[in-house]
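Below you'll find the structure, written out as C-alpha cells, and then a few comments.
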Amino acid sequence: MKVLRARHIFDGARWISPGELSWDEGGAILAVRRAPRGARIRDLAILPGLVNAHAHLQLDAVGEAPSTFVDWIGQVMAARGRTQPSTLVASAVRSLRELLDDGCTAVGEIDSSGLSKKALLRVPFAGRCYQEVTGFHLDAATSKALVAARRQDGTAACLGGMSPHAPYSVSAALFRACQSTRQPLSVHAAELPEEQQFLREGTGPFRELLERLGRLPAGFCAPKVGAIRWLEQLGLLRPTTLLVHCQELERGDAARIAAAGAPIVVCPGTMRYFGRRPPPVPEWLRRGIPVALGTDSRASNESMSMRSELARAAAMWPSLRPQELFAMATTHGGLALRRKGLGLLRKGLRADFFAVHGSEESTEAILAEFVHGSRAPVATWLAGHMHRCRAKVGSDG
Ligand SMILES: [Zn+2]
C-alpha cells in the first residue's frame, strides 16, 4: 500500500485539509480521507489528473498556419502520408509524456492509423481511443467494411471509440456504420463557416476539395441544414457523441445540443493558431452542456499541455470561476469521453493525480493560480506510479 499525506486534497468535489490518499499496488485508490492527527503532512495540494478530451497524439507540427483550412488539411495529410508507422508511435509516446509532465492522465485520442494503442500500452493513460475514419464517397457496404476493419477495443484503461472525422468528410452511410458499433463517437462538428456552407448549399472549398480527391458521389445533394442539425437527422446527436470545436453553431443549435445531452470539447490552442473567435462557452455551461477542454494536435498547437490549455481558457472566458475551469479540464472530460470516474479521486478508482506546492494558502488561491498557469505540477501519478518529479516528492507509506 502507498500513502501520501498532503496539506490539501481535492477529490473532484470537495477539499480535505489535511488529507490522506492511499492506493494499492495495482493502482486502485483505497481511501481519500482526513490525515490522522500528528501525522507528517507534506506541503502539497493533490488534485485529480487532468483529462485532455481531444488530441491527435501522432500528429507533428506543420509550421505557420496556411492561409486556408483546406490548405492546412492538405499539409497535415501529406505529412502523415510521409511518416513511418514507428515514427507515428514514437510521436504519440512523446505527446503522452509531455501531457503527463503537466498533470494530465487521461486522453480522448483520435487515432488515424490504428497505432495509438501501442503508445497507450507504453504510457497507460486512461480515457478513450477513437478510431478515425473518413470517406465522403462511401456507400453502406464499403462503410461497413471500413468500420469493421478499423474498429478496436482499446486498452484496459483507454477504451475504444469511433471518430467519423467531420460532416464534410464522412458520408451518411459511414456515420451510420460508426453508430452501429455502439461505441462512443467523437466528431469534428460545426468547426468552419465553409463546412456550414457546404452542408447548406453544397458549394465552396469543401466541394472543390472532394471533387479534386474524386470523393464527391455522382448526383450529390447537400443536406441543406447546418452540421448540428445534420447530425441530429442522422440520429447522432446524443450523449455518446462528443462534438469537437462547435465554433460555428447556428441559431437554436446550443439548445438542441443541451436537449440531446451531447458534450462539447473546445481547444483554445487551436483557436489561437487559426485566429478564431472564442465561442460562448459560459452560455453553453449555463445550459448544462458538459464543455471539456482538449489540446488538439501539435499541427495546430505549440505544445501538448493541459495546463496551458486551462490558462488560455481562463483568459478567453474571464467570467468563469476557477472551479468551473478546473471541472472543464477534469470531470467534464470524463463525461465527454463517457468515462465517468475520470477527474475524481474516490475509493476504487485509479490513482491518477498530480501535486502542486501548497502550504497554508487557501485552496481557492491554489486552484486559481493553477488554472491561470502560474503553479506547475511537481509530480504526476499515473495508475499510482509517480512519473514526473520537478521537486523532491516521495511516498509516506
Ligand atoms: Zn481534432
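Things to note:
- Residue check, MET328 surrounded by 24 or more Cβ atoms within 10 Å (Cβ to Cβ) and outside the structural domain of ILE16 (by TED's automatic domain parsing): yes
- Scanning segment 291-303 for residues that are away from the ligand (no atom under 13 Å from the Cβ) and modelled with pLDDT under 95 gives GLU302, SER303.
Conditions tested, residue by residue: (1) farther than 18 Å from HIS54 by Cβ; (2) small (Gly, Ala, Ser); (3) modelled with pLDDT under 95; (4) within 30 Å of the chain's Cα centre (by Cα).
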{"site": "ARG212", "(1), (2), (3), (4)": "yes, no, yes, no"}
{"site": "GLY219", "(1), (2), (3), (4)": "yes, yes, yes, no"}
{"site": "ALA227", "(1), (2), (3), (4)": "no, yes, no, yes"}
{"site": "GLN233", "(1), (2), (3), (4)": "yes, no, no, yes"}
{"site": "LEU236", "(1), (2), (3), (4)": "no, no, no, yes"}
{"site": "THR241", "(1), (2), (3), (4)": "no, no, no, yes"}
{"site": "VAL244", "(1), (2), (3), (4)": "no, no, no, yes"}
{"site": "GLU248", "(1), (2), (3), (4)": "no, no, no, yes"}
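- So ARG312, is it in contact with a helix residue (DSSP H, G or I) (Cβ under 8 Å, 6 or more places away or on another chain), modelled with pLDDT of 95 or more and not small (Gly, Ala, Ser): yes
- Picking from residues in segment 95-142 that are within 28 Å of GLU208 (Cβ to Cβ), touching a helix residue (DSSP H, G or I) at 6+ places or on another chain (Cβ under 6 Å) and of a type in the set (Gly, Ala, Ser), the one that is nearest to the ligand (Cβ to nearest atom) is SER113.
- Residues (within 14 Å of the ligand (Cβ to nearest atom) and within 15 Å of GLY269 (Cβ to Cβ)) located in segment 42-59: ASN52, ALA53, HIS54, ALA55, HIS56, LEU57, LEU59
- Restricting attention to segment 2-18, the residues being over 21 Å from ALA157 (Cβ atoms), in contact with a strand residue (DSSP E or B) (Cβ under 9 Å, 6 or more places away or on another chain) and part of a loop (DSSP other than H, G, I, E, B) number 2.
Each row is one residue, and each column tells you yes or no for (1) of a type in the set (Asp, Glu); (2) at pLDDT 95 or above.
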{"residue": "PRO18", "(1), (2)": "no, yes"}
{"residue": "GLU25", "(1), (2)": "yes, yes"}
{"residue": "ARG33", "(1), (2)": "no, yes"}
{"residue": "ARG37", "(1), (2)": "no, no"}
{"residue": "LEU44", "(1), (2)": "no, yes"}
{"residue": "PRO48", "(1), (2)": "no, yes"}
{"residue": "LEU57", "(1), (2)": "no, yes"}
{"residue": "PHE69", "(1), (2)": "no, no"}
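- Positions within segment 380-397 being at pLDDT below 95 and among the small types (Gly, Ala, Ser), in sequence order: ALA391, GLY394, SER395, GLY397
- Test: residue in segment 143-155 that is assigned by TED's automatic domain parsing to the domain that holds ARG122, within 16 Å of the ligand (Cβ to nearest atom) and of a type outside the set (Val, Ile, Thr): no
- Of all the numbered requirements in (1) under 15 Å from the mean Cα position of the chain (by Cα); (2) among the small types (Gly, Ala, Ser); (3) away from the ligand (no atom under 16 Å from the Cβ), SER86 misses one, and that requirement is (1).
- Scoring GLN183 on the criteria (1) of a type outside the set (Val, Ile, Thr); (2) buried (at least 16 other Cβ atoms within 10 Å of the Cβ); (3) under 22 Å from PHE69 (Cα atoms) leaves a single failure, condition (3).
- Checking each residue in segment 87-118 for being surrounded by 24 or more Cβ atoms within 10 Å (Cβ to Cβ) and of a type in the set (Ser, Thr, Tyr) picks out SER95, THR105, SER116.
- Selection count where residues are under 30 Å from ILE16 (Cα atoms) and among the acidic types (Asp, Glu), scope segment 34-76: 1
- Taking the criterion of being more than 13 Å from the ligand (Cβ to nearest atom) and either surrounded by fewer than 16 Cβ atoms within 10 Å (Cβ to Cβ) or of a type in the set (A, V, I, L, M) (or both), the residues of segment 243-263 that qualify are LEU249, GLU250, ARG251, GLY252, ALA254, ALA255, ILE257, ALA258, ALA259, ALA260, GLY261, ALA262.
- Criterion: buried (at least 23 other Cβ atoms within 10 Å of the Cβ), over 25 Å from ARG128 (Cβ atoms) and either in contact with a helix residue (DSSP H, G or I) (Cβ under 6 Å, 6 or more places away or on another chain) or polar (S, T, N, Q) (or both) - qualifying residue of ALA45, ALA65: ALA45
- Residue in segment 198-216 that is within 16 Å of the ligand (Cβ to nearest atom), out of contact with any strand residue (DSSP E or B) (no Cβ under 7 Å at 6 or more places or on another chain) and of a type in the set (Ser, Thr, Tyr) present: no
- Segment 195-217 residues that are over 23 Å from HIS245 (Cα atoms), paired with ones that are exposed (fewer than 15 other Cβ atoms within 10 Å of the Cβ) (beta carbon under 7 Å, 6 or more apart): none
- The single condition among (1) in a helix (DSSP H, G or I); (2) crowded, with 24+ Cβ neighbours inside 10 Å that ASN301 does not satisfy is (1).
The values are calculated or read from the model by the stated rules, or taken from the named source; none is laboratory data. Just so we're clear, the structure is a prediction, and the values are computed from it rather than from any experiment. Positions of Cβ are generated from backbone atoms using ideal geometry, with glycine treated the same way; all protein chains shown enter the neighbour counts.
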